[in-house]
Amino acid sequence: MIVTTYHTENKTKTDIYCPADYNIFKSIASDGNHVIITDEKIYKLYSEAFVKHNCIIIKEGEANKNLSNIENIIQKFVTFNIDRDSLIIGFGGGLVCDIAGFAASIYMRGTPVGFVATTLLAQIDAAIGGKNGVNFNNYKNYIGNISQPQFVICDATFFKTLSNQDYMSGLGEVLKYCLISNTNLIEYFISNYNAIKERDKDVMDYIVKSCVKIKTEIVSQDTNDKGLRHILNFGHSFGHCYEIIDGLAHGIAVAKGICTAVDLSLKFGYTNTETNKQIKEIIKNAGFETEYKLDERHFDLLHKDKKKTGDYIDFVFLTEIGNPIIIKTPIDDIIKAVLEPF
Ligand SMILES: NC(=O)c1ccc[n+]([C@@H]2O[C@H](COP(=O)([O-])OP(=O)(O)OC[C@H]3O[C@@H](n4cnc5c(N)ncnc54)[C@H](O)[C@@H]3O)[C@@H](O)[C@H]2O)c1
């Protein structure tokens, strides 16, 4: 087991156990009045983990990431006598982490929280960096804050029980890290693709650890999302639209959003045809569709993106692999460009 700690601009400290045996959460939460938040599916699959703990079991699915669920959870905290000496543990995928993190951050003006991250996407992204929140109507993560967990546990054995869709969703985010970082991760990804498909533990431990390192380095420098951290949004402006409108899993929508972003990078003249083709080939070989269809519903949502100011959006383009750039661009110019044929 390896523990790395990241510190933030806000002077917080998070221990990341990666790779680790998830059962170590039992020793972290051995004494005291703690509570675990999980979802119905994980509760059934990993039932022995929850013995002897207060549990709050939420329903699966993005539709449940809302304020009324937060209110229900807080009501249960009160019933369980949870206070600021308690530990709230989010045991699940990104949905559970977002909900548990947000509920903990507002309960009694902030109660300690830690995550046992059970999906690939949660281990490399949602559990790391302190962004918490819920959706509001059709708008993704519109209500929330940034508040860091005390610990995150990443165990690749969880991937064995993930559905193919949820595993691919995590791989969509892995691709994002491969493309925005100036490391050898993209070469590793391409040369180990069969092992990745088979969910090989050693290969996935290496990938999770590499992605966590990339994310924590960025979060440590720009915890409050004022600049550098925006590069993590690569593929997400349109990704969120595909997720909401087309009902795709988060990372699968991000992979499509990356295709849209690399096409826009070409159309705006920030990259060349060769790079565009190379990236789309990598995404296709990884098992994702590279085609996308957009209409007014997607554009309405783009106008509501959290990264917009007025009629402009901080859009993340890519000039080449490892070199994302953030350009404040009129939303209407983006829509016009995306509709133009090559
Ligand atoms: N806060 C952030 O920085 C951040 C970053 C990225 C994504 N997110 C959010 O994360 C959410 C998506 O997360 P996700 O992809 O983990 O989805 P999820 O949490 O909805 O989980 C997907 C499905 O996998 C099941 N599951 C979880 N772990 C399992 C396991 N080990 N074995 C079998 N099934 C398992 C769940 O029960 C659920 O049915 C979205 O709401 C997204 O907005 C947040």
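No value in this document is a laboratory result; all are computed from the given coordinates. Note that the coordinates shown come from a computational prediction; the quantities given were computed from them, not determined experimentally. All Cβ positions, glycine included, derive from the backbone under ideal geometry; neighbour counts span all protein chains shown.
Which residue, 26, 176, 209, tops the fluctuation ranking in a GNM of the chain built on C-alpha contacts under 10 Å? So, out of 26, 176, 209, the one fluctuating most is 26.
Under the simplified labelling scheme, the residue 274-residue 297 pair shows an inter-label distance of 4.0 nm, with each label point 7 Å from Cα along Cα→Cβ.
Answer rounded, prolate or oblate for the stretch 268-342, using the Cα gyration tensor with square roots of eigenvalues a ≥ b ≥ c: rounded when a/c is under 1.5, else prolate when a/b is larger than b/c, else oblate. Prolate shape, in that a/c is at least 1.5 and a/b is the bigger ratio.
Using a ≥ b ≥ c from the Cα gyration tensor of the stretch 3-162 (square roots of the eigenvalues), is it rounded, prolate or oblate, where a/c under 1.5 gives rounded and otherwise the larger of a/b and b/c decides, a/b for prolate? It comes out rounded by the Cα gyration axes. Cβ-Cβ distance of residue 85 and residue 308, R₀ of 45 Å, FRET efficiency by 1/(1 + (r/R0)^6): the value works out to about 0.65.
Placing unit charges on the Cβ atoms only, positive for Lys and Arg and negative for Asp and Glu, gives the chain a dipole magnitude near 460 debye about its Cα centre.
Give me the extension gain from residue 160 to residue 9: residue separation times 0.36 nm, minus the current Cα-Cα distance, reported in nm with one decimal. Please list the in-between numbers first.
Working: separation 151, 0.36 × 151 = 54.36 nm, distance 3.58 nm.
Using 0.36 nm per residue and subtracting the Cα-Cα distance, I get 50.8 nm.
Judged by the mean number of other Cβ atoms found within 10 Å, the most tightly packed of the peptides 151-163, 262-274, 121-133, 58-70 leads the ranking 121-133, 151-163, 262-274, 58-70.
For the stretch 93-245, what D do you get in µm² per second when you plug the Kirkwood radius from alpha-carbon pairs into Stokes-Einstein at 37 °C and 0.692 mPa s?
205 µm²/s
Here the simple spin-label model places points 7 Å from the Cα toward Cβ, and for residue 200 and residue 136 these points are separated by 4.6 nm. With the cut-off at 1.5 for a/c, could you classify the stretch 103-148 from its C-alpha gyration tensor as rounded, prolate or oblate? Note, shape of the stretch 103-148 comes out oblate.
Over the Cα atoms of the chain, the radius of gyration divided by the Kirkwood radius equals 0.96; this is the Rg/Rh ratio.
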